[in-house]
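Heads up: the structure comes next, in structure tokens.
The values are calculated or read from the model by the stated rules, or taken from the named source; none is laboratory data. Computed from a prediction, not measured in an experiment: that's the story for all the values here. In this analysis, Cβ positions are derived from the backbone assuming ideal geometry, glycine residues included, and neighbour counts consider all displayed protein chains. Quick note on the areas: whole protein, heavy atoms, side chains included, nothing else; ligands and nucleic acids left out. Shrake-Rupley method; radii C 1.70, N 1.55, O 1.52, S 1.80 Å.
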Amino acid sequence: RALVTGAGGVGVLTDPSGRFEFSTRERPMPAGGRSGYLTVTADGFAPAKIAYEPASGPLRTVLEPGLEVAGRVLDQEGHPVPMAKVVLWGPLEAVPKRQVTAFGDAEGRFVFRDLPARTPVNLNVTDPRTGDVKSEHGIQPGSTEVVLTLPTLESLGATVRVMVLDARTGRPSARDKS
């Protein structure tokens with residue numbers, strides 16, 4: 001089933017045969033009954049934008065399979081940077097919500113799905129260790145794995161040392177190796 005949204009974000013799900021109707025009350029017409037656009041989204045497919053006129057009759061669209069932008073966030077030495085915030089953004093044809101956010105897992109991996117094949121997108125990655133932002137532009141969905149490289153903390157002149165203390169005794173934890 002697909003979600004069809006119109007002006008003002010009003011949406012309706014298609015029936016199992018892919019058909020939908022808006023009631024008069026929910027109709028996605030812009031004010032004054034002018035022409036407009038509907039956006040159709042479904043899991044596994046790229047979004048589609050359909051132009052319509054108030055008296056255009058039945059509309060038809062075919063959804064293309066969606067592609068992925070997947071990758072990893074690594075430091076300059078090839079170590080994963082977990083929990084990096086990755087924001088995908090681009091033209092409305094590619095990203096109906098204008099931007100989508102993912103966070104890298106423990107291995108620095110992230111994935112964005114259901115993107116159109118012909119529209120390059122952009123990524124911003126926020127380093128969780130420093131708050132710095134790095135951008136990559138013109139990434140083609142469906143291409144090979146994207147690797148976003150951030151500097152090592154050492155190259156930034158930052159060193160983090162941690163000592164774990166036992167809350168009861170105030171001494172280093174028995175498990176602390178430092």
Cα→Cβ-extended label distance, 7 Å offset, between residue 161 and residue 62, nm: 6.6
Calculated FRET efficiency for the pair residue 99/residue 132, C-beta based, R₀ 22 Å, to 0.05: 0.75
Accessible surface, 1.4 Å probe, highest first, among residues 145, 77: 77, 145
Heavy-atom surface of the range 96-136, accessible at 1.4 Å and reported per residue (Å²): 59
Most to least packed among 11-21, 105-115, 59-69 [average Cβ atoms within 10 Å]: 105-115, 59-69, 11-21
